[in-house]
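Enquirer: Would you mind keeping the following structure in view while I ask a few things?
Each reported figure results from applying straightforward, stated rules to the coordinates on display, with no laboratory input. Predicted model only: the values in this text are computed from it and were never measured. FYI the Cβ positions are ideal-geometry reconstructions off the backbone, even for glycines, and counts take in every protein chain you see.
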Amino acid sequence: MAYQKISVTELQPGSYVVEVAEQHGEVTVKHAGWVRSAQAIAQLKAKGVVTVLVDPARFLPSEDTPAVAIPDRIAPVSSDEDAPPVRQLFADEWPRAEKALLQSQRVQQLVLEAARSQQPIDLSMVHEVSAGLSDSVSRNQDVLLCLTRIAEQSDSLLQHSVNCAVYIAAYAKFINLPSDRSKTLITAALLHDVGKALKPELMHQADAAAISTSLAALQRNKDLAGQVSLWISQHCALLDGSGSPPIKGHQIAKGSQMLAIVNQYEKLTNPAGSNQSPLAASRYLLSMTPLQLDTELLQLFIKCIGVYPPGTVVKLTTGKLALVLENNPKKPTQPKVKLFYHSVHHHHIIPKIMDLSRQQEEHIEGCVDLKKYGLDVRNYL
C-alpha cells in the first residue's frame, strides 16, 4: 500500500508516521514511528508539524499502550524499532531488492515525465522509493548494488539517477547516518538531474545550467526539504572552488560532498558514460584528493562499495571468470565471488561460490567486460 500525505489534524492514534513532510519551528521531529495517543498528536502540533507521510498498512487498530512523551522524536512502538536489522542472505534479499529497484525505476520515470511536462513532482512516491532503497541496503546492501550494476541501460538519465540513489543509500548506511538523513539524501540523488529531463540539451552542457534548471523545476514543490535543494545545488562543487558553483572547502555541505562523489563515480562507471572499470574509476577519484574531493569521505565510499562492487565480473589469475556477489570491507580486493567460466579454455565451468579471503590459490587479476566473450552477466546470477 502506498504512503499517504495527510494533515496533522487528520492524524489518528495508531498511525505510523514515515516522515514529517512539512513543519514550522526550531525543533525537528526526526524518526519514524507510531503515534499512540491524542496527546502525542497534540505534541506534534505544538512542535509546528503541519503535514506528515503515513503508512496505512502499519496502522495499529487499538491503543494497547500508554501515551508516550516525545520531546525530540515521534514515539516508536518499541526499542527494537531503532535496532539494526539482521543481515539477510543474498538469495533471501534478492526478490525484495529487485522489487525495490523496479519500483524506483517506475517512480523515477514518472518524476522525469513530470519535469518534462513542467508539472509538480509527487514527492510522496519519491519518499516511498527512498524508504524502500534504505530498507533494502539495511538488510543486505550487496544485493541492490549487484542489481544496479547489471541493470539494462534503457534510459541513461533515469538509470543514472537510480544508480546514484542506490550508491548513496549504501554509503549513508555504511557511515551510520540517521535514517531520516539517509532517506533525504536518497531523495536528493533521485532528483538531482531533473532539469536535464526538462531540457535534454543540458545533458552535454556545463553543470551550472543543469543545476539551475533542476532547482527551478523543484521549486514548484513547496514541501521539498531545504536540505535536498542545498545538496543538489552543490553536488558539482569541488573543495578547491573549481567545480560548479565555485564554492570552497567547509562551505560545501557534507551531503553535497557525498553526492558529488557518488555522481562522479556513477558517470565514470556507467556503460552509457565513460564505462570505466570500478578500479579505474576509484583510482581517478583518488587522484582528485585532497584538493577537490575529501579524502576520508572518498575512502569510506570505496570501502563501502568495494574495489570490485557486487555485480562486477572479474578475471582470476587462473583464467577463471567470476561474478562478485559480496563486498569485503576489511579486505576490499578479496570479495565473495561466483565462478562460472574459463577464459583460457573458453567453456563454462560448474558454478561455485568462493570467498577469496579464505583461500590462497585464486586472486583477482582485473575487471572483465563479458561482451568480449559473447556472454550476458544476467545469465549467471
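Enquirer: At a threshold of 8 angstrom on Cα-Cα distance, excluding pairs fewer than six apart, so keeping six or more, what relative contact order does segment 303-349 reach in percent?
Expert: 33 percent.
Enquirer: Please report Rg over Rh for segment 90-305, where both radii come from the alpha carbon positions and Rh follows the Kirkwood definition.
Expert: Checking Rg against Rh, the ratio lands at 0.93.
Enquirer: What ranking do 261-271, 132-142, 335-345 get when scored by the average of other Cβ atoms within 10 Å per residue, highest first?
Expert: Those peptides, ordered most packed to least, come out 132-142, 261-271, 335-345.
Enquirer: Want the number for residue 348 to residue 291: 0.36 nm per residue separation, take away the alpha-carbon distance, what's left?
Expert: Here the segment from residue 348 to residue 291 would lengthen by 15.9 nm.
Enquirer: Mean separation of Cα pairs under 8 Å and 6+ residues apart, divided by the residue count of the chain: what relative contact order is that in percent?
Expert: Relative contact order comes out at 11 percent.
Enquirer: Let me ask something else. Sorted by average packing, counted as other Cβ atoms within 10 angstrom per residue and highest first, what order do 13-21, 47-55, 359-367 take?
Expert: Packing proxy ranking, top to bottom: 13-21, 47-55, 359-367.
Enquirer: In vacuum, with every alpha carbon of the chain counted as one equal point scatterer, what does the Debye formula give for log10 I(q)/I(0) at q = 0.12, 0.13, 0.14 Å⁻¹? Two decimals, please.
Expert: Each listed q corresponds, in turn, to -0.95, -1.09, -1.22.
Enquirer: Continuing with the same structure: Report, in degrees rounded to the nearest 10, the 0 to 90 angle that the Cα long axis of helix 295-305 makes with the longest principal axis of the chain.
Expert: Orientation of helix 295-305: about 80 degrees from the principal axis.
Enquirer: May I ask for the Kirkwood hydrodynamic radius of segment 285-347, worked out over all distinct Cα pairs and given in angstroms to one decimal?
Expert: When all Cα pairs of segment 285-347 are included, the Kirkwood radius is 13.0 Å.
Enquirer: Here's something else I'd like to know. Based on the mean of other beta carbon atoms within 10 Å per residue, what is the order of 230-237, 315-322, 289-296, most packed first?
Expert: Packing proxy ranking, top to bottom: 230-237, 315-322, 289-296.
Enquirer: Shifting gears a bit: Taking the chain as the reference, fit the longest principal axis to its C-alpha atoms, fit the long axis of helix 207-218 to the helix C-alpha atoms, and give the angle between the two in degrees, 0 to 90, nearest 10.
Expert: Helix 207-218 and the main axis of the chain meet at about 40 degrees.
Enquirer: Ok, one more. Which entries of 5/45; 315/336; 315/371; 5/196; 99/336; 173/330 show an alpha-carbon separation above 18 angstrom in the structure shown?
Expert: 5/196; 99/336
Enquirer: While we're on this one: Using only the Cα atoms of segment 144-269, build the gyration tensor, take square roots of its eigenvalues as a ≥ b ≥ c, and label the shape rounded, prolate or oblate: rounded if a/c is under 1.5, else prolate if a/b is larger than b/c, else oblate.
Expert: Rounded shape, in that the Cα axes give a/c under 1.5.
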